[in-house]
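Report on one structure; see the data block that follows.
Quick note: the coordinates plus some simple rules give every number you see, no bench work behind them. Computed from a prediction, not measured in an experiment: that's the story for all the values here. All Cβ positions, even for glycine, are placed from backbone atoms using ideal geometry, and neighbour counts span all protein chains on display.
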Amino acid sequence: MDAELFCPACRIPLTEIRTGNGIIWRCEKCDGRAVGLQLLRRTFTPESINPLWLHAIHNEWSSARPCPSCGNAMIEVALASSSGIRVEVCRICEFVWFDSGETQTLQARPLPKPKPQVVLPQKAREAIALAKVQQLAEQARGPDFDSAPPDEWWKSMAAFLGMPVEFDAPAQERRPVVTWFLAAVIITASVHAFFHLQEAVQLFGLIPAQPLRLHGLTFVTSFFLHAGVIHLVGNMYFLLVFGDDVENFLGALRYIALIAIAAFVGDLVHIASAPNSTIPCIGASGGIAGVITFYALAFPQAKIGFLWRYFYYFRWIRLPAWFVFVLWIFFQIIGAYEQKIGISSVSSFAHLGGAGVGLVTWFLTRKTIPLVQA
């Protein structure tokens, strides 16, 4: 509990008064004031206060009145060299006692000039408001390792089946017509081939030992064939989820070139990994690997969500696209090793070849196209 301060003249308790700069103590009877030195320096100009303390240091003469705080005798000093007003100072507590009206002779510090108010344009205010809304929405989703589920029901279903989902899709300026058309053609060709799959694969699949069969057309035809429904659905899922953003980023022509070159290079890498193999290779995953790689590099902070399951316990986890891509590359390297020793039928070498094209494409276009962050 704070000790009471007493008026040195009336010997009655002082009343505490809080101001914007600090606390002063006032006598209700004589209107005297006890003020700390630091508060005086914050409230009044140095020209008003410095001479007062200088006189106190020189110890002009003692006063008979006690300090309101410690009770020791105060020193009576001139308020200013040119002023006839004398005040009392306690050098121990650094309190200054002013009789009624004596503080009016001090010069107050000028108020700081108000900063000019900057009026932002309407578009800037809208952008700030939108950013705030997005920030609140991000907070509402929860932390990355305990996230709320996505808004779309189909994403929850895809994640339940073990597929990654896109939480924060980059804004699109155009419809992904090329992606939709390409997916439709692949689905049509693959489903049609399912009715006579073995014959179609033997005829139109890419055989490493015979790369120039059908005048090299198997580099193209193998792209549109798939080994089954799961193979087809998996590839189309990745194409549709990530391809639309890459198409919007690159434009239709560059996007087509990316997929075509990635598929071709992926086939070449697959052939190089087993040049004497007579097993046909089919699927669009080499080209799609180029799309996935470009997506991860162009939108590294986009959130990719996974549904982690442990019996009846479910938790959504969101990871940045660049981190998911690093994990994917790691597993592709393991898959390539398994493919090389003959324990995997998935062509991870084709995936790595397509990924290399995606990397080169991103490197060549990142300086000519503004980088878009999710």
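Observations on the model:
- Relative contact order, whole percent, for the stretch 143-365 stands at 27, derived from Cα pairs under 8 Å and 6 or more residues apart.
- Building the convex hull from the alpha-carbon atoms of the stretch 213-324 and averaging its projection over directions returns 9.2 nm².
- Peptides 70-78, 341-349 ranked from most to least packed give 70-78, 341-349, packing being the mean of other C-beta atoms within 10 angstrom over each peptide's residues.
- Working note: Debye formula, equal point scatterers on the alpha-carbon atoms of the stretch 143-365, no solvent; log10 I(q)/I(0) at q = 0.08, 0.15, 0.16 Å⁻¹ is -0.29, -1.01, -1.14.
- Overall dimensions of the stretch 276-374 as given by Cα atoms, namely Rg and Dmax in Å: 16.1, 49
- Local electrostatic count, SER347, Cβ distance below 14 Å [Lys/Arg +1, Asp/Glu -1]: -1
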